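Quick notes on the structure that follows.
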Amino acid sequence: MPVIVFASSKGGAGKTTAAIVLASELARHNTSVTLIDVDPNQHSAKWAQKEGRPSNIQLVEKSTEETIIDDIDNAQAKTAFVLVDLEGTASMAVASAISRADLVITLCQGSQDDADEAVKTIKLINRQGKVLNRTIPFSVLMTRTNPAITPRTLKHIMSELEAAGVDIFKTSLIDREAFRAIRSFGGTVNDLDIKQVSGIEKAAANAHALAAEVIAKIKETNEVRSESHG
Ligand SMILES: Nc1ncnc2c1ncn2[C@@H]1O[C@H](COP(=O)(O)OP(=O)(O)O)[C@@H](O)[C@H]1O
Ligand SMILES: [Mg+2]
């Protein structure tokens, strides 16, 4: 069962938001998910402990470098998807989680600093891949993008990453109040009150597109893997 790891060497990149949004969207389609929170700040655990978490999302809180491998292996036996939310530094726990990943999602907002940090994370993923003698699939998810315009800086960053052969999600996670609101109120974007939060439908469509692309990517890498095994 696929393990998806959210990694970036920077805090505030959008890992927890993306993990929660993806977990919620998978759960909405009757898919069981374990959300493992390895960040000492426990931000995704805090969301999961609020009212409104879909009942088919299991939370594993306070995972650490000592427990992460067992936590992932146990979760894989129990639920269809395992999502791992990490802290924004390179640590033993991060390296361990990456080693178990079927897909690492690296978050990037539209600044050069973010792009540089994404490249650092990609280098770490590649080093882990060498240690394990396998290719660890990874993809960059642009996040907090503007729905109306793609600024020149963002275009430049994306073309630089593409030129370096880095895979970038076609879907980006747009900067929306609905994605902030779930962190405060709990639950999913689909449960928010349209009288209180704007752009709920658009956020829900965005979450749907993200989940569809994640599933397609995992299928793709599994096919490549089974072909290479004859
Ligand atoms: N797509 C988004 N739309 C609106 N706000 C976002 C979005 N992604 C992240 N944020 C906000 O940015 C901040 C950092 O995001 P977070 O997901 O916690 O990052 P990380 O887990 O990498 O530290 C949070 O306050 C969060 O609400
Ligand atoms: Mg976080």
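The values are calculated or read from the model by the stated rules, or taken from the named source; none is laboratory data. Nothing here was measured: the structure is a model prediction, and the numbers come from that model. Cβ sites come from the backbone with ideal geometry, for glycine too, and all protein chains shown count toward neighbours. The area values use the complete protein model at the heavy-atom level, side chains included, leaving out ligands, DNA and RNA. Shrake-Rupley method; radii C 1.70, N 1.55, O 1.52, S 1.80 Å.
Summary of values
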| item | result |
| --- | --- |
| Lone qualifier among Ala163, Ala203, Ala181 - being modelled with pLDDT of 95 or more and out of contact with any Leu (no Cβ under 6 Å at 6 or more places or on another chain) | Ala203 |
| Strands (runs of 3 or more DSSP E) completely within the stretch 1-89 that count 1 or more residues being open to solvent by less than 30 Å² (accessible area, probe 1.4 Å) and among the small types (Gly, Ala, Ser) | 3-7 |
| Scan of the stretch 1-28 for residues that are modelled with pLDDT under 95, touching a helix residue (DSSP H, G or I) at 6+ places or on another chain (Cβ under 9 Å) and either more than 10 Å from ligand 2 (Cβ to nearest atom) or on the phi > 0 side of the Ramachandran plot (or both), ordered by number | Met1, Ser9, Lys10 |
| Boolean, Thr171 is away from ligand 1 (no atom under 11 Å from the Cβ), in contact with an Asp or Glu (Cβ under 8 Å, 6 or more places away or on another chain) and not in a helix (DSSP H, G or I) | yes |
| Residue list for the stretch 174-202, filter: open to solvent by 70 Å² or more (accessible area, probe 1.4 Å) and in a helix (DSSP H, G or I) | Glu177, Arg180, Arg183, Ser184, Phe185, Asp191, Glu201, Lys202 |
| Any hit, the stretch 146-164, residues being touching a Phe, Trp or Tyr at 6+ places or on another chain (Cβ under 9 Å) and hydrophobic (A, V, I, L, M, F, W, C) | no |
| Residues (of a type in the set (A, V, I, L, M) and under 14 Å from the mean Cα position of the chain (by Cα)) located in the stretch 98-121 | Ile98, Ala101, Leu103, Val104, Ile105, Leu107, Ala118 |
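Listed here are the residues, each with its yes/no results for (1) within 14 Å of ligand 1 (Cβ to nearest atom); (2) farther than 18 Å from Ile218 by Cβ.
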{"position": "Ala18", "(1), (2)": "yes, no"}
{"position": "Leu35", "(1), (2)": "yes, no"}
{"position": "Pro40", "(1), (2)": "yes, yes"}
{"position": "Ala45", "(1), (2)": "yes, yes"}
{"position": "Pro54", "(1), (2)": "no, yes"}
{"position": "Ile68", "(1), (2)": "no, yes"}
{"position": "Ala80", "(1), (2)": "no, no"}
